[in-house]
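Undergrad: Below: one structure in structure tokens.
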Amino acid sequence: MKKLELLDWRMGHLADGVVKTYFPASVPGSVLHDLTEARVIDDPYVGLGESSAGWVAEADFRYESVIEVEDGDDRIDLVAHGLDTDAILRLDGVEIGRTRNQHRTYRFDLRSHTGEGSHVISIDLLSAVRSARAFEDRIGPKPLVGDTPPYNAIRKMACSFGSDWGPHLPTSGLWKPIGLERWDGVRLDEVLPRVRVDDGRGRIDVCARLERTRPGDATLIAHLWHPDGSRSRTESSGSGDELGITMTVDSPNLWWPRGYGNQPLYRLTIELWSDGVQRDEWNREIGFRTVRVDSRPDDHGVPFTLQVNGQPILVKGANWTPDDFARPVVGADYPRSIADALDANMNLLRVWGGGIFESDQFYALCDHSGIMVWQDFLFSCACYSESEELAAEVAAEARQNILRLAPHPSLVLWNGGNETDEGYYNWGFRDRMPAGADWGDGYYRRMLPDLLQELDPDRPYIPSSPFSPENPSIPTDPNQGTSHSWKVWYSRDYTAYAETVPRFIAEFGFLGPPAYSTLLRALDGDQPSLNSPALISHQKADDGFNRLERGWTPHLPAPEDFDDWHFTTQLNQARAVRFGLQHFRSHWPRTAGAIVWQLKDCWPGIGYAAVDGDRHRKPLWHAIRSIYADRVLMLIERGDALLLVLGNDTPTTWRAGVTLSRRRFNGATLAASEIEVEVPPRSSLMVPVPSGVVFADSVADAVLTAEAQGAQRAYWYGAEDIALDLPEHRFDASIKHTVLGCELTLEAHSFTKDLCLFPDRLDPTARVSQALVTLFPGERAMFEIESDQTLDLAALVKRPVLRTVNDLGRAGEHS
């Protein structure tokens, strides 16, 4: 039975058809990674390494391996699961194939090209930048975002050409496994299980397409292992190139998103037999569930509500971008990133169209954990040619990845492209092309829907996001379909999120720096300063520093030093996104979900992510976790009214007594009110705050709180922080060392607002259990700190490791 035999490779810079020096190659990997390991280039992620590695994008490289061919097998195939991107393959110097798509698997028959003995396989990877320009010259230019090489002319990860959150590093390489498959007679070319639930009964229709070297009967045997350990079996035989099998399951155990039920999985194994020998095998875990998008027009417009097994789902998600440009799959720590999503109470990740189709491990982890996956096809922020050459690549790429991903129950939505409609209609792309010119619409509204109807007809699909179902030419209408909200970051105060009530928010975010230790690594010895060339190179957002300042100015004191700047910008990022999430969640079910931009950074830069490039959870992550909680209390201004909003994303009714208190910062209660509430399952409740506890005027030394069992306390202040009379924070501290690190307990002696600990300043690997903690005098908080080092209590409780809003603007007092 065939299996992939991995090969050893070497690589080198190809100039004038010659490689002068070869280096060991990491496969899967990239030339960028191998050149860094060989110390030919500096680490492109730190210091000014990105700039010094710029020549790599313009260069060609050659990979070489030696194979042994023996007599006996009908076929010996070279199977390349990922070639990045424009590649020429040769066997003993003779060309055997060419590829132009990072997102496809390729198979080359070596048996027809050679006999027994040792042979050299070489793969020349041509500069992606030069190839993209050459392809654009051949197929014609199309508009795109930014001053970048034409990534829309080549089927390669778009964000590797640069973005407002990541580096310009369009590398090349063998980025997925590549090796030999030896087989006889017949093999499985495609296996497609269509898994669905009809009237409470599970059904699996398996279609297997075969590739043959000789005619004859073949038998397909299907085994289905149930969650309880039992097994079903059926088989089918024939002499054609396609075989089918149908299996049924009475009352299947249904797969649910996290928080809505369990994730029972069935293992489906397809065996291929001929002449009494098992020739091939296909294995996947599958799950039974139904999924649809409710888009029936209502009084507010056209909703976008995901329903799984008939249950409307409040989507609490994040956008997923490639984990590591140099090694997008091997360099990714999928278990840790999925844990970051789960721990933040997320239930959906959107695999964004400027990246890649992720690894099988990513989707399998989502299957097991109940994280739903929204999958973009790989188009983003550009118009795309529908020329025959590019269309053939798109069709092959889409078909392969639909077949690969369709068995995963976590996959709940296909999306044609990211901001493709918006770019065409709103960004002037249409005006930059001849009237009637193609721009990719044929992919989104014909090719991809046709392929999905053939291969995966039971999942919902939208042609773009943002998307207005009733009028695609107005893709930003918040009353229809999905919306992206970027005006806040680019030009508005974050309170502007409250000006609209979108039906579904698929992208929004706010910039902020990484953890301090991550920033120090990025600076590579530069002094932390806004004038640092290394820091400037790690801030990719247009006018980013000025926009950061504009963002905090109405809310927080002006930073007095770099430590203040770092905390202020991280804090304001968390505040901005939290404000938006509160607003969106308060309108459930009218607003059916939010997807934050983005979960994790790909490098140690200043970005939008909740988890930085060194995997530190920023204050933003803790803010997201608080609003994505199953049960949440929120105090929200709406017009002239102050409202108490209770969100209950659980299957049981939330009955609670809510205490509303107006309190001085010294802890004295000025007014209080008790409200008995009953919030039905999977719903929200909005209650006016009694006038007796609301501030008559802005008060500089008081706060309104809402407390109920089962939810985190909510706060509302009568003024912005710049107008509050916050006392100097004072507390007692004690430490208890544990196996994983330590537990730090703080008891406040003054009102302390948004307390954060940054133990990474003492140990770059340290992480802390909570952040943004507010305490009244006499209250305690315990922080669990994971660290390999023995951390000192005195250092933990001093600025800049311990920060609060109280100490902003007081840098001189701590010098």
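The values are calculated or read from the model by the stated rules, or taken from the named source; none is laboratory data. If you're wondering where the values come from, they're calculated on a predicted model, not measured in any experiment. So basically every Cβ, Gly included, is an ideal-geometry build from the backbone, and we count neighbours across all protein chains shown. Remember, those area values only see protein heavy atoms, side chains included, never the ligands or the DNA or RNA. Shrake-Rupley method; radii C 1.70, N 1.55, O 1.52, S 1.80 Å.
Undergrad: So what is the diffusion coefficient of region 283-348 in µm² per second by Stokes-Einstein at 4 °C and 1.567 mPa s, using a Kirkwood Rh over Cα pairs?
TA: Taking Rh from Cα pairs, D becomes 87 µm²/s.
Undergrad: Rounded to the nearest Å, what's the spacing between the alpha carbon centres of region 258-285 and region 136-164? Just the number, please.
TA: Centre-to-centre distance over Cα atoms comes out at 39 Å.
Undergrad: Another question, if that's okay. Report the chymotrypsin sites (Phe, Trp or Tyr not before Pro) located in region 34-96 that are in a DSSP loop and have at most 15 other Cβ atoms inside 10 Å of their Cβ, or state none.
TA: Sparse-neighbourhood loop chymotrypsin sites (Phe, Trp or Tyr not before Pro): none present.
Undergrad: Keeping every protein chain present and rolling a 1.4 Å probe, give me the accessible area per residue for region 474-603 in Å².
TA: Per-residue value: 31 Å².
Undergrad: If you don't mind, another one. In the neighborhood of Asp458, defined by Cβ-to-Cβ distances under 11 Å, what is the net charge if each Lys or Arg adds +1 and each Asp or Glu adds -1?
TA: Local net charge: +3.
Undergrad: Which is the longest run of the chain containing none of the trypsin sites (Lys or Arg not before Pro) found in DSSP loop states (not H, G, I, E, B) with at most 10 other C-beta atoms within 10 Å?
TA: 40-815
Undergrad: Still on this structure: Could you tell me the distance between the Cα centroids of region 564-609 and region 478-538, to the nearest Å?
TA: 8
Undergrad: Within the accessible area of region 662-711, what % is carbon and sulfur when the probe is 1.4 Å and the other protein chains stay in place?
TA: Carbon plus sulfur share of accessible area: 48 percent.
Undergrad: Also: Run the accessible area of region 366-475 with a 1.4 Å probe and give the carbon-and-sulfur part as a rounded percent.
TA: Roughly 49 percent of what the probe reaches on region 366-475 is carbon or sulfur.
Undergrad: Given a 1.4 Å probe and the protein chains all in place, what does the accessible area of Val129 round to, in Å² to the nearest 10?
TA: Roughly 0 Å² of Val129 is accessible to a 1.4 Å probe.
Undergrad: What share of all Cα pairs of region 1-143, in percent, falls into each consecutive 10 Å distance bin?
TA: All Cα pairs considered, the percentages come to 10, 37, 33, 16, 4, 0.
Undergrad: Please tell me the relative contact order of the chain in percent, rounded to the nearest whole number, where contacts are Cα pairs under 8 Å and at least six residues apart.
TA: Once divided by the residue count of the chain, the mean separation gives 9 percent.
Undergrad: Put +1 on the Cβ of every Lys and Arg and -1 on every Asp and Glu Cβ in the chain; which of Ser626, Pro328, Ala218 then has its Cα farthest towards the positive end of the dipole?
TA: Looking along the dipole axis, the top candidate is Ser626.
Undergrad: A follow-up question, please. State whether region 762-815 is rounded, prolate or oblate according to the following rule on the C-alpha gyration tensor (a ≥ b ≥ c being the square roots of its eigenvalues): a/c under 1.5 gives rounded; otherwise a/b larger than b/c gives prolate, and the remaining case gives oblate.
TA: Here region 762-815 falls in the oblate category.
Undergrad: State, to one decimal in nm², a quarter of the convex hull surface area for the C-alpha atoms of region 695-815, i.e. the direction-averaged projected area.
TA: About 8.5 nm², averaged over all directions.
Undergrad: Between region 339-356 and region 416-455, what is the separation of their alpha carbon centroids in Å?
TA: Between the Cα centre of region 339-356 and that of region 416-455, the gap is 25 Å.
Undergrad: Nearest 5 is fine: what % of DSSP beta bridges in the chain come out antiparallel, could you say?
TA: 85
Undergrad: Quick check: convex hull over the Cα atoms of region 323-400, volume per residue in Å³, rounded to an integer?
TA: Dividing the Cα hull volume of region 323-400 by its residues yields 111 Å³.
Undergrad: How many lysine pairs in the chain, separated by 8 or more positions in sequence or lying on different chains, have Cα atoms less than 22 Å apart?
TA: Lysine pairs satisfying the spacing and distance rule in the chain number 19.
Undergrad: Out of all Cα-Cα pairs in region 208-277, roughly what percent, to the nearest whole number, are more than 18 Å apart?
TA: In whole percent, the long-distance tail amounts to 50.
Undergrad: Hey, another quick one. What percent of all Cα-Cα pairs in region 654-757 falls in each 10 Å bin, counting up from 0?
TA: Answer for region 654-757: a P(r) of 12, 35, 30, 19, 4, 0 percent.
Undergrad: Which whole-number value in Å² is the accessible area per residue of region 54-126, probe 1.4 Å?
TA: Accessible surface, normalised per residue, equals 36 Å².
Undergrad: Sorted by accessible area with a 1.4 angstrom probe, largest first, how do Met346, Met782 fall?
TA: Met782, Met346
Undergrad: Rule-of-thumb check for region 624-684: C-alpha Rg over 2.2 N^0.38 Å?
TA: 1.28
Undergrad: Calculate, for region 665-779, the solvent-accessible area per residue in square angstrom, rolling a 1.4 angstrom probe over the heavy atoms of the protein chains.
TA: Roughly 46 Å² per residue, with all protein chains present.
Undergrad: How would you classify region 557-689 from its alpha-carbon gyration tensor, with a ≥ b ≥ c the square roots of the eigenvalues: rounded for a/c under 1.5, else prolate if a/b is greater than b/c, otherwise oblate?
TA: Oblate, because a/c is 1.5 or more while a/b does not exceed b/c.
Undergrad: In region 292-428, if the dipole is taken from +1 on Lys/Arg beta carbons and -1 on Asp/Glu beta carbons about the Cα centre, which of Ala406, Gln375, Trp427 is farthest to the positive end?
TA: Looking along the dipole axis, the top candidate is Ala406.
Undergrad: With the Cα gyration tensor of region 704-755 giving a ≥ b ≥ c as the square roots of its eigenvalues, does the rule (a/c under 1.5 for rounded; else a/b larger than b/c for prolate; else oblate) give rounded, prolate or oblate?
TA: oblate
Undergrad: How big is the charge dipole of the chain about its Cα centre, in debye rounded to the nearest 20, if each Lys and Arg gets +1 on its Cβ and each Asp and Glu gets -1 on its Cβ?
TA: 1480
Undergrad: Considering only Ala696, Leu365, Trp165, whose Cα is most displaced toward the positive end of the charge dipole of the chain, charges sitting on Cβ of Lys, Arg (+1) and Asp, Glu (-1)?
TA: It is Ala696, whose Cα lies furthest towards the positive end.
Undergrad: For region 59-163, with all protein chains present and a 1.4 Å probe, just round the carbon and sulfur fraction of the accessible area to a whole percent.
TA: Ligands and nucleic acids excluded, carbon and sulfur reach 44 percent.
Undergrad: Within region 15-109, which GluC sites (Glu not before Pro) sit in a loop by DSSP and count at most 16 neighbouring Cβ atoms inside 10 Å?
TA: Answer in residue order: Glu58, Glu70.
Undergrad: If you don't mind, another one. Which whole-Hz couplings ³J(HN,Hα) result when phi for each residue of region 123-137 is put into the Karplus expression 6.51 cos²θ - 1.76 cosθ + 1.60, θ = phi - 60°, listed in order with x for Gly and Pro?
TA: 10, 8, 9, 8, 3, 5, 5, 5, 5, 4, 5, 5, 5, 4, 4
Undergrad: In region 566-595, what chymotrypsin sites (Phe, Trp or Tyr not before Pro) fall in a loop by DSSP, with at most 15 other Cβ atoms inside 10 Å?
TA: Listed in order of number, the matching sites amount to none.
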